[in-house]
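Data block below; observations after.
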Amino acid sequence: MYMLPTAMTSFQLARSQFFLTKRRFTVATPSLEARKSSSAFTLNPITRILNRRLEYQNALTSYQNITAHVEDKENREFFINTLKLPDTFETWFYLTTLHMWMLSTRGRAAGEAWQSMWRDMSEILWTDCEKRMYEGGVTNFTLINRGLKDLLAAHYGHLLAYDEGLSKGDAILAGALWRNLFSESSDVSILDICTAIKYVRHELVKLDRASSEEIIAAGNTFGKARVYS
């Protein structure tokens, strides 16, 4: 513990206490600029609630854009007939995961805003899957929960495989698509996989041209699914 010199005068003692008090006051009271930069100071509770609702709505709109694209009549013609994917719930889920991943390749550049949006989109995805399973005739919630766990494992496995394919080239991406989108089907040809790769690459280029603001504001739109040369 620091001790005051015994020879200090009453004036020196008072002056020392003043500066100590002033220094403690300065530390305890941040400047207005510092308080403005604090997240706790910038937004009042109502504004935070409104902003949070907007964020969730953007995530919902972005997710709905993806499912509308996957379920579009002409696009289904491409996915089911051209790529020879089975017309099943699993195919819908695999395609939705693929398009969420494509969107994430651009969205991740938006930083924290995208992380919040991705969490919301993921929550919406699982709620939607549960609803579709129930409406599809699976009314036993034990079976639904078991199915959701399997889908969750597949979802993250697909995302990791596609990331690896994006970083290591089309040969690795082709393997990822064959295993995850085509479920290693023996009916799939090399031509089918090449068609899928060209489609994915075309959409990635298109998304890469979008700004972070457009992605976060749910301005993402996928083009018509078709064969690209």
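What list of ³J(HN,Hα) values in whole Hz, one per residue of region 60-75 in order, does the Karplus curve 6.51 cos²θ - 1.76 cosθ + 1.60 (θ = phi - 60°) give from phi, with Gly and Pro shown as x?
Result, rounded to whole Hz: 5, 4, 5, 5, 5, 4, 5, 5, 5, 5, 5, 8, 4, 4, 5, 5.
Highest mean first, how do 119-126, 49-56 rank when packing is the count of other Cβ atoms within 10 Å averaged over residues?
119-126, 49-56
How much net charge surrounds H202 when only other residues with a Cβ under 15 Å from its Cβ are counted (Lys, Arg +1; Asp, Glu -1)?
Net local charge, H202 excluded: +4.
Give the shape of region 89-229 as rounded, prolate or oblate, defined through the alpha-carbon gyration tensor: a ≥ b ≥ c are the square roots of its eigenvalues, a/c under 1.5 means rounded, and otherwise the shape is prolate if a/b is larger than b/c and oblate if not.
Numbers: a/c = 1.89, a/b = 1.14, b/c = 1.65.
The shape class here is oblate.
Work out how much length L160 to K73 would gain on full extension: take 0.36 nm times their residue separation and subtract the Cα-Cα distance, in nm to one decimal.
Length difference between fully extended and current span is 28.4 nm.
Taking the Cβ of R106 as the centre, find all other residues whose Cβ is under 15 Å away and add up their charges (Lys, Arg: +1; Asp, Glu: -1).
Neighbour charge sum, excluding R106 itself: -1.
Taking the Cβ-Cβ separation of L148 and I190 as r and a Förster radius of 25 Å, what is the calculated FRET efficiency to the nearest 0.05?
Efficiency computed from Cβ-Cβ geometry: 0.15.
Starting from the Cα-Cα distance between V205 and I172, subtract it from 0.36 nm times their residue separation and give me the gain in nm to one decimal.
Extra length available between V205 and I172 comes to 10.0 nm.
What distance in nm separates the two pseudo spin-label positions at Q57 and F89, each 7 Å out from Cα along the beta-carbon direction?
With each label point 7 Å from Cα toward Cβ, the separation is 3.2 nm.
For region 77-83, just list the computed ³J(HN,Hα) in residue order, Karplus coefficients 6.51, -1.76 and 1.60, θ = phi - 60°, integers in Hz, with x standing in for Gly and Pro.
Each residue of region 77-83 in turn: 4, 5, 5, 7, 8, 6, 8 Hz.
Read the figures in this text as sums done on the coordinates, not as results from a lab. Bear in mind that the values here come from a model prediction, so they are computed numbers and not experimental data. Backbone-built Cβ (ideal geometry, glycine too); neighbour counts: all protein chains shown.
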